[in-house]
Amino acid sequence: MTVNVRGKNIVVTPALRDYIEKKVQTITKQFKVVGDISAVMRVEKEQHIVEITVPASGIVLRAQESTKDMYSSIDSCVDKIQRQIHKYKTRLMRRKYNNFREEFVAASTKDEVDDGEFKVVRNKKYVLRPMNLQEAIMQMNLLNHDFFVYFDDITENVSVVYRRKDGDYGLIAPDLK
């Protein structure tokens, strides 16, 4: 496990790097498999913004926090991730770990692809692991995304779960003919 610390509009000092690495160690102790952790620090209009992404044991934990102090932003961001871990592990305990797998969710690539008339500015690849609808919704909420593509272990098809404007969830499941 390595911690990649980057700075935008800020110089990453050794003290900041050590502080983030120390704080992230508390997160990584709770998982068997942890991928490369990414931490991005930036300053915009007197706001110190920290974004931390942790791929661990088949899930991706992500948090972003903005305050007027970089150290308090780091603390708040780590606290958010710890709450996500607690929420995730509580749900797993309810289901008694029956569908938990030790796989790594692969990272994305930033290759720019020109596809004729439409310009694709980001290409993201990741491993589809079998999961049920509830796990897919949980993963979508942990990532704080509006949709999530997954391999449904019951229908054995690729499906998409999405968050509707009214707060409920929708499911797009293909019917192959």
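Worth pointing out:
- Antiparallel content of DSSP bridges confined to the chain, in %, to 5: 80 percent
- Expected 222 nm ellipticity per residue - DSSP helices of 4 or more, -39500 (n - 2.57), all of the chain, to 500: -10000 deg cm²/dmol
- Rounded if a/c under 1.5, otherwise prolate or oblate - region 3-95, Cα gyration tensor axes: prolate
- Prolate/oblate/rounded call for region 1-53, Cα gyration tensor, a/c under 1.5 rounded: prolate
- Under 19 Å from the Cα of residue 125 - lysines, other chains or at least 8 residues apart: 110
- Above-threshold pairs, the threshold being 30 Å between Cα atoms, out of 23/124; 68/89; 68/124; 22/119: 68/89; 68/124; 22/119
- Taking every alpha-carbon pair within the chain, the share separated by more than 31 Å comes to 24 percent.
- Cα-based values for region 113-172, radius of gyration first and Dmax second, are 13.5, 38 Å.
- In percent, rounded to a whole number, the relative contact order of the chain is 13, using alpha-carbon pairs under 8 Å and six or more apart.
- Peptide packing for 30-43, 152-165 was compared via the average number of neighbouring C-beta atoms within 10 Å per residue; ordered from the highest value, the list is 30-43, 152-165.
All of the numbers you see were taken from the coordinates with simple rules; none came from a lab. Just so we're clear, the structure is a prediction, and the values are computed from it rather than from any experiment. As a convention, Cβ positions derive from the backbone with ideal geometry for all residues, glycine included, and neighbour counts pool all protein chains shown.
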